[in-house]
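The values are calculated or read from the model by the stated rules, or taken from the named source; none is laboratory data. Given the structure is predicted, the values throughout are model-derived calculations rather than measurements. Cβ placement follows ideal geometry from the backbone for every residue including glycine, while neighbour counts extend to all protein chains displayed. These area figures cover heavy atoms from the full protein model, side chains too; ligands, DNA and RNA do not enter into them. Shrake-Rupley method; radii C 1.70, N 1.55, O 1.52, S 1.80 Å.
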Amino acid sequence: MIRIVIAEDQRMLLGALGSLLDLEEDMEVVGKARNGQEALELVKQLSPDICIMDIEMPVKTGLDAAEELKGQECKVIILTTFARAGYFERARKAGVSGYLLKDSPSEELANSIRIIMDGRRIYAPELVDLAYENENPLTEREVQVIELIADGKSTKEIADQLYLTNGTVRNYISVILDKLDVGNRIEAIARFKEKGWFK
């Protein structure tokens, strides 16, 4: 019997997923969580074989929880609406066994679980294409700068925090706007977020 924990913040979907998987003869849903933190606690208590997680959940996201579960016995499957290159990249680095999209047919989920239990990984095909087309163009330092901009820091505060001059920070910002093909800081943050590149 494959023992499963599901983490999903939309109650109706959580119930529906649980019911669907319970219909499979070789699967049992042993726990349901409404956020990443609850998922971690259930995995610790129940030692399931698989934890299926949404990404955008309150308290702790599915990706944060997946990163904490890296290297543990429990295999993680991300089940999300978001086909975003940055999310996929983070999920791969966290060692998740599967990254599937919610609009896939339900029988595909059960089949994917069985394949993952055999030790293979499954990624939605559209994500693999996305990952190659949409690499984050920013350097590590530029990412630090845009993260501080997103935190509401001024040019001077960013300069102080990163031990740079104001002029250097301004140069970084103009390179960031250029690379992301946007006109201002707000658009840059929106584009970076939409791609799922924020850590």
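The table below lists the values:
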| item | result |
| --- | --- |
| Failed item in (1) of a type in the set (A, V, I, L, M); (2) out of contact with any Asp or Glu (no Cβ under 8 Å at 6 or more places or on another chain); (3) surrounded by fewer than 19 Cβ atoms within 10 Å (Cβ to Cβ), with Leu101 passing the rest | (2) |
| Flag if Ile115 is surrounded by fewer than 19 Cβ atoms within 10 Å (Cβ to Cβ) and either under 30 Å from Ser174 (Cβ atoms) or of a type in the set (Val, Ile, Thr) (or both) | yes |
| Among residues of segment 99-119, those that are in a loop (DSSP other than H, G, I, E, B) and at pLDDT below 90, counted | 4 |
| Which listed residue, of Val128, Val143, is part of a helix (DSSP H, G or I), of a type outside the set (D, E, K, R), at pLDDT 90 or above and over 17 Å from Ile186 (Cβ atoms) | Val143 |
| Segments classed as helices (runs of 4 or more DSSP H), wholly inside segment 30-98, with at least 3 members that are within 23 Å of Asn136 (Cα to Cα) | 62-69, 85-93 |
| Of the criteria (1) at pLDDT 90 or above; (2) within 25 Å of Thr81 (Cα to Cα); (3) assigned to a loop (DSSP other than H, G, I, E, B), which one Ile189 fails | (3) |
| Filter result for Val169 (over 19 Å from Lys195 (Cα atoms), open to solvent by less than 50 Å² (accessible area, probe 1.4 Å), of a type in the set (A, V, I, L, M, F, W, C) and assigned to a helix (DSSP H, G or I)) | yes |
| Residue under evaluation Thr155, criteria (1) at pLDDT 85 or above; (2) within 20 Å of the chain's Cα centre (by Cα); (3) among the polar types (S, T, N, Q), criterion not met | (2) |
| Residues of segment 10-40 classified as open to solvent by 50 Å² or more (accessible area, probe 1.4 Å) and either under 17 Å from Ile55 (Cα atoms) or in contact (Cβ under 8 Å) with a residue 12 or more places away in the chain (or both), total | 12 |
